[in-house]
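Participant: Okay, here's the structure, questions in a sec.
The values are calculated or read from the model by the stated rules, or taken from the named source; none is laboratory data. Being a predicted model, the structure only gives us computed values, none of them experimental. Note that we place each Cβ from the backbone using ideal geometry, even for glycine, and neighbour counts take in every protein chain shown. Just so you know, the surface numbers come from the protein's heavy atoms only, side chains and all, with ligands and any DNA or RNA stripped out. Shrake-Rupley method; radii C 1.70, N 1.55, O 1.52, S 1.80 Å.
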Amino acid sequence: MIEATSCGGVVIFRGKILLLYKNYKNKYEGWVLPKGTVEQGEDYKETAAREVLEETGVSAAIIKYIGKSQYTFNVPEDTVEKEVHWYLMMADNYYSKPQWEEYFVDSGYYKFHEAYHLLKFSNEKQILEQAYNEYLSLKKSNLWGSKNISKGFLSMRNTAAYLQPVIAIRYVQKDCVFSGPFVKK
């Protein structure tokens, strides 16, 4: 058995969730959340932010760790046991551009009930529910998108800026920890 670890994000802007549509040679089709493999020397937050940016073109701020999902799949030579760590993330606009090199052919922001029914995998539906409930809780407490939280986040609009050395900065407010990538200049 091969063990693999990935990280991803439930990205929200104005209450809508970012999804990707993958079509791999008409063998694999479906709506998914952005995620990808941890690279050597990366922590889970860095992986989640990088994968969201690479797969969707969205520079989203990490708000909170949501949890992990696990699943297995077969490859010709073995079985892969995959663990995916998920983060609630905040975007600052509706822009997205699917990564064609990874067979993503569409992307967009959807209302919760639409996203839930579009998602292909039940484990991603469960993560979406957890993340959306956390989003609603933060919004109810007037923490989601507040100037106190978002003013410290640097919007990174291109990959070149993102690939510069990154420092993680944390904010603690009303028992919630907020963190986001900041470019070191």
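Participant: Among the residues of region 81-91, which ones are in a strand (DSSP E or B) and over 17 Å from residue 47 (Cβ atoms)? Steps first, answer last, please.
Facilitator: In the first step, residues of region 81-91 are kept if they are in a strand (DSSP E or B); the result is 81-90.
81, 90, listed by residue number.
Participant: While we're on this one: How many of the residues in region 97-123 are closer than 14 Å to residue 29 by Cβ, assigned to a strand (DSSP E or B) and either among the basic types (Lys, Arg) or open to solvent by 40 Å² or more (accessible area, probe 1.4 Å) (or both)?
Facilitator: Here the count works out to 2.
Participant: Which number in (1) touching a strand residue (DSSP E or B) at 6+ places or on another chain (Cβ under 8 Å); (2) among the β-branched types (Val, Ile, Thr); (3) modelled with pLDDT under 95 marks the one condition that residue 159 misses?
Facilitator: Among (1) touching a strand residue (DSSP E or B) at 6+ places or on another chain (Cβ under 8 Å); (2) among the β-branched types (Val, Ile, Thr); (3) modelled with pLDDT under 95, the lone unmet condition for residue 159 is (1).
Participant: Further, regarding this structure: Out of all the residues in region 1-23, which are open to solvent by less than 10 Å² (accessible area, probe 1.4 Å), closer than 30 Å to residue 77 by Cβ and of a type in the set (A, V, I, L, M)?
Facilitator: Across region 1-23, the qualifying residue is only 20.
Participant: For region 47-69, what are the residues that are open to solvent by 60 Å² or more (accessible area, probe 1.4 Å) and either in a strand (DSSP E or B) or out of contact with any helix residue (DSSP H, G or I) (no Cβ under 9 Å at 6 or more places or on another chain) (or both)?
Facilitator: Filtering region 47-69 for residues open to solvent by 60 Å² or more (accessible area, probe 1.4 Å) gives 54, 64-65, 68.
Matches in region 47-69: 64, 65, 68.
Participant: Can you tell me which residues in region 1-38 are of a type in the set (D, E, K, R), modelled with pLDDT of 95 or more and out of contact with any strand residue (DSSP E or B) (no Cβ under 6 Å at 6 or more places or on another chain)? Working first, answer last.
Facilitator: The initial filter retains those residues of region 1-38 that are of a type in the set (D, E, K, R), namely 3, 14, 16, 22, 25, 27, 29, 35.
Subsequent filtering for residues that are modelled with pLDDT of 95 or more retains 14, 16, 35.
Residue satisfying the conditions is 14 alone.
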